[in-house]
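Report on one structure; see the data block that follows.
Coordinate-derived values only; no laboratory data. These figures come from a predicted structure and were not determined experimentally. Counting neighbours? That spans all protein chains shown, and the Cβs are built from the backbone with ideal geometry, glycine included.
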Amino acid sequence: MVKLDFEHRQSGHCESGVTSNLLNYHGFKISEPMVFGIGAGLFFSYLPFLKMQHAPVTSFRVWPGMVFKRATRELGVKTRIHTFKNEDESMNVLKRTLDKGLPAGLQVGTYHLPFFPPEYRMHYNMHNMVAYGYEEDNFFISDTVIEQRVEINYEDLKRVRFARGAFAPKGRLYYPYEVPKNIDIRPAVLSGIRKTAYYMVGVPFPLIGVKGIRYLSRQMRSWEKRYGPEKASYYLGQVLRMEEEVGTAGAGFRFIYGAFLSEAAEVLNRPELRGISVEMGENANKWREFSYLGSRNCKKRARPEESFDKLADMLLECASREEKIFNKLRRM
């Protein structure tokens, strides 16, 4: 039996929460927002050519694993990241890692997670959690979405680690194994800010960042005419799921990023970041308002003024706000 003394803390976003908790285990105290900001987790893309559950993919986060990889690299933390073809080998490596006293982050699919509430289960393969021990064929799990520590048996864990579909985890396992004793986080904070600002306003590709939000707005205006009310409603529902239910997403990520900017103001002694943090929070509320009106539209409860055109206008407002915010950050 192995059961490490791992502190379970809930978080707003699974991967940044897992990364924060893993670093905390190794003695480096860092908040989830700071990990998220240094790891440049805030992102937007609308990819109509890539489908998830028969609808275009809208992403409010970077590629799975990037927050952990970027944050630990910027902080000078040594890590190992594994993916596997053989399922049993992946479980053996997990046990050997735990035997060394190292808790491990795992990327999993949520549909077959036995401890997830039924309403949270969907074919989503970008969830993250920590294994911190095992006893025979039972594993001890810290999942930042769940209030208490949980357990999962060998076969169920193997199944979710090798869930199939878009962004299949392929048994992905990752962990820090050497954390410097003295870390100056200021260069990492600045690097995270610059990287996020570049991805939101600097990338020329029209489906990424602020340009991607505006592209989605244009597409949304035409959905009803192109696809009919039923399919248009389904496409809108997919955007809302990605924004509100999947991996924290739109409004939630912006609240976390605002908290990061507030912390960064202290770390960098840049008071102007507090004002930008407030602006980010205000824009997060706009995204939440978009979700609320969009959900009324999906449920056929929308008033005439809550049409697809109205929702598209709200996206343009969010895009304009974020363009101003990230241009300010880019000039720092």
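Observations on the model:
- Listed by Cβ neighbour count within 10 Å, with the fewest neighbours leading, V150, V278, V239, V77 appear as V278, V150, V77, V239.
- Global geometry of segment 117-226, whether rounded, prolate or oblate, following the gyration tensor of its Cα atoms and the 1.5 cut on a/c: oblate
- Anisotropy class of segment 189-332 from Cα gyration tensor, a/c 1.5 cut: prolate
- You can think of it this way: the chain between K310 and E155 has 51.0 nm of extra reach, that is 0.36 nm per residue less the Cα-Cα gap.
- For the chain: rounded, prolate or oblate by the Cα gyration tensor [a/c cutoff 1.5]: oblate
- Within the shell of other residues whose beta carbon sits under 9 angstrom from the beta carbon of M91, the net charge comes to 0, with Lys and Arg scored +1 and Asp and Glu -1.
- A DSSP coil position with no more than 12 other Cβ atoms inside 10 Å describes none of the chymotrypsin sites (Phe, Trp or Tyr not before Pro) in segment 1-94.
- Put in line by how crowded their Cβ is, counting other Cβ atoms within 10 Å and starting with the fewest, D313, D143, D99 read D99, D313, D143.
- Longest segment of the chain lacking GluC sites (Glu not before Pro) that sit in a DSSP loop with at most 14 other Cβ atoms within 10 Å: 148-304
- Of the trypsin sites (Lys or Arg not before Pro) in segment 11-115, those whose Cβ has at most 15 other Cβ within 10 Å and which sit in DSSP loop: K29, K85, K100
- Entries of K211/K299; K78/K158; K195/K324; K286/K324; K231/K300; K29/K78 with Cα pairs more than 20 Å apart: K211/K299; K78/K158
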